[in-house]
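Everything below concerns the one structure shown next.
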Amino acid sequence: MKIPHLTHIVQAMQQTDFYPHAVTSVTHLETHISHVFLTGPYAYKVKKHVDFGFLDFSTLEKRGKYCRSEVNLNRRLSKNIYLAVEKITYDDGLISLSGRGRTIEYAVKMVQLRDARAMSQLLEGSGVPPQAVEALARRLVRFYETAFINSGIDVAELLAATWMNCEDNFRRVQEFSGTLFDEKKIQMVRKASRTFFDENKRLFQERIEQGFIRDCHGDLRTEHIYFTEDGIQIIDCIEFSERLRRLDIVSDLAFLIMDLDYRGFSAMGFQLLKTYMDLTRDADAAVLLNFYKCYRAIVRLKVSCLRLQELDPKSDTGKLVLKDIQTYAGLAHHYAVLFSRPRLWVVCGMPASGKSTVAGALAMKRGIQVFHSDVIRKALFRKIPGNEGAMPYGEGIYSEQATSLTYQQLLVVAKEALQQGSSVVIDATFQTRQRRLAACCLAREMSASILFVECQAPDSLIRKRLLQRETESSVSDARLFHFQAFKERFEPMDDIDQAIHISIDTSKPLKECLFDIFRFELIAF
């Protein structure tokens, strides 16, 4: 018996009398991997006979398997939407839905959601209010908390898979380079992504060990999110690859945030991530966001290129897809510039305000160098006799001339790191506007971003910390009797733009201080 081609199945499913329920009209939609038929009460999805390497629907058996996976997996984030897997049968020349005869295809049967309630449509019309975005973030956090995690996971294997997912996308995209987008820019993105991954392997490994890798959605975009009378419904997760679904939570969120950038709603994306961070206290989310947004932009670039292969580039749809290709390539390059641009972190404040502790922890968390003014000062003047121990304010190695030399050397070593393309933390009081201006000038000269972290603490706590130095070893020579002079001479930091200046209270736990810094960084950059 000759089996009908998929084309014949598609033709049959566009007829109103194909369905066992009342249908007045059928709308046929097509993506690069499926055919969708909207009948009014229900939607039916049939998978194409394709094999892209990362996705294989080439046999009936595989299509049936992935239809069943699609129903089961999508029930995690939706309620009463995914109903069943229906057989498409063929008997005596008739193609039927769950009829008699041989099974020739499978279709996922879903409740048809109203287009007007899709997040993508709402953004173009009435908008999505902040409380709805917060509710979405809460819904996703609950999902991630319960999403499957393999406790016996091989860290090395998953670490390799993290980069393999990125590299697979670059390889596929490279097939289309030269004509559809700027190849040099994408090569820059590839190199920057590899560098970021290599330099942050310890962070990626920690994420795996701490359980941030979950069985996620994998294709979290605004067109897959619906705000309905029955609550938030999220559909169309990746069913065809556990590897592409087994992700860092931030990677999953980054897809949605990138999609909001693409649609011109970046502020909403930041609100989404900020709410996620506030709910989970996941400080690393800000560190990883642009890397994963870049990865997601390359995913969409790849999908758009594959879609264009099926279209006439001069058709209206072809022109829209070609525009998407340009947009996603541009977004990927933009994100790569952001996460590869070196940053000068200036951690400053009164002596004993906790700045050296914060600076060291910040540098360790980011895997970058930290330079402490106290260490540099002692190295510069170690051969001068009589410089050991506390001394009167502004004398000896703490004279104005010695202090100026110390700050000059501090900026020299910072410049050397920035010249290598590396971010760096510098730790000093930076009590004068002149010295803060010098740091800003260095950042401009090196085309680096800059962020001032001003450490503060109640006077009583600073006094207590200074008093402890009488009996505990410290590289700093600042003591309790210096306190008042330092306080009187510390010039307020009103000269620094609030967009790049955060004040933190170091009486709080160090982990909370770092969280506040990284959340602020998210907003600033």
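Just so you know, all these numbers are worked out from the coordinates, no wet-lab data involved. These numbers come from a predicted model, not from an experiment. No Cβ is skipped: glycine too gets one built from the backbone with ideal geometry, and neighbour counts run over all protein chains shown.
For the pair residue 416 and residue 511 in one chain, pulling the backbone fully straight at 0.36 nm per residue adds 31.3 nm over the alpha carbon distance. The angle separating the long axis of helix 433-445 from the principal Cα axis of greatest extent in the chain is about 40 degrees.
So if we plug the beta-carbon distance of residue 445 and residue 338 into 1/(1 + (r/R0)^6) with R0 = 25 Å, what FRET efficiency do we get, rounded to 0.05? Each step should come with its number before you reach the end.
Numbers: r = 20 Å, r/R0 = 0.78.
Once the sixth-power term is evaluated, E becomes 0.80.
The C-alpha atoms of the chain define a longest principal axis, and helix 316-340 lies at about 20 degrees to it. Using only alpha carbons, segment 117-340 has a radius of gyration to Kirkwood radius ratio (Rg to Rh) of 0.95.
May I ask you to work out the translational diffusion coefficient for segment 96-176 at 10 °C, viscosity 1.306 mPa s, via Stokes-Einstein with Rh from the Kirkwood sum over Cα pairs, reported in whole µm²/s?
Details: Rh = 18.4 Å.
So the translational diffusion coefficient is about 86 µm²/s.
The DSSP beta bridges internal to the chain are antiparallel in roughly 65% of cases. Rounded to the nearest whole angstrom, the semi-axes of the ellipsoid equivalent to segment 272-359, taken from the Cα gyration tensor as √(5λ), stand at 42, 14, 8, largest first.
Beyond 18 Å between alpha-carbons counts as too far, so tell me which of 47/314; 184/302; 293/415 fall in that bin. The partial results should precede the final answer.
Numbers: 47/314 26 Å; 184/302 16 Å; 293/415 29 Å.
Beyond 18 Å between Cα atoms: 47/314; 293/415.
For segment 396-447, a simple Cβ point-charge model (Lys and Arg +1, Asp and Glu -1, everything else neutral) yields a dipole of about 180 debye relative to the Cα centre.
A cut-off of 5 Å between modelled amide H atoms, ignoring neighbours fewer than 5 places along the same chain, links residue 75 with no other residue. Compared with the dominant principal axis of the Cα atoms in the chain, helix 284-309 is inclined by about 30°.
The residue 117 and residue 524 beta-carbon pair, evaluated with R₀ = 56 Å, returns a calculated FRET efficiency of approximately 0.95.
Placing +1 at every Lys and Arg Cβ and -1 at every Asp and Glu Cβ, with all other atoms neutral, what dipole size does the chain have around its Cα centre, in debye to the nearest 20? Spell out each step's value before the answer.
On the way: 70 positive and 65 negative charges, 85 e Å.
Approximately 420 debye in magnitude.
Approximating the spin labels as points 7 Å out from Cα along Cα→Cβ, the residue 187-to-residue 437 distance works out to 4.3 nm. Calculated FRET efficiency, residue 150 to residue 498, Cβ-Cβ distance, R0 = 25 Å: about 0.05 to the nearest 0.05.
Taking each DSSP H run with n ≥ 4 as -39500 (n - 2.57) and averaging over every residue of the chain yields -16000 deg cm²/dmol at 222 nm.
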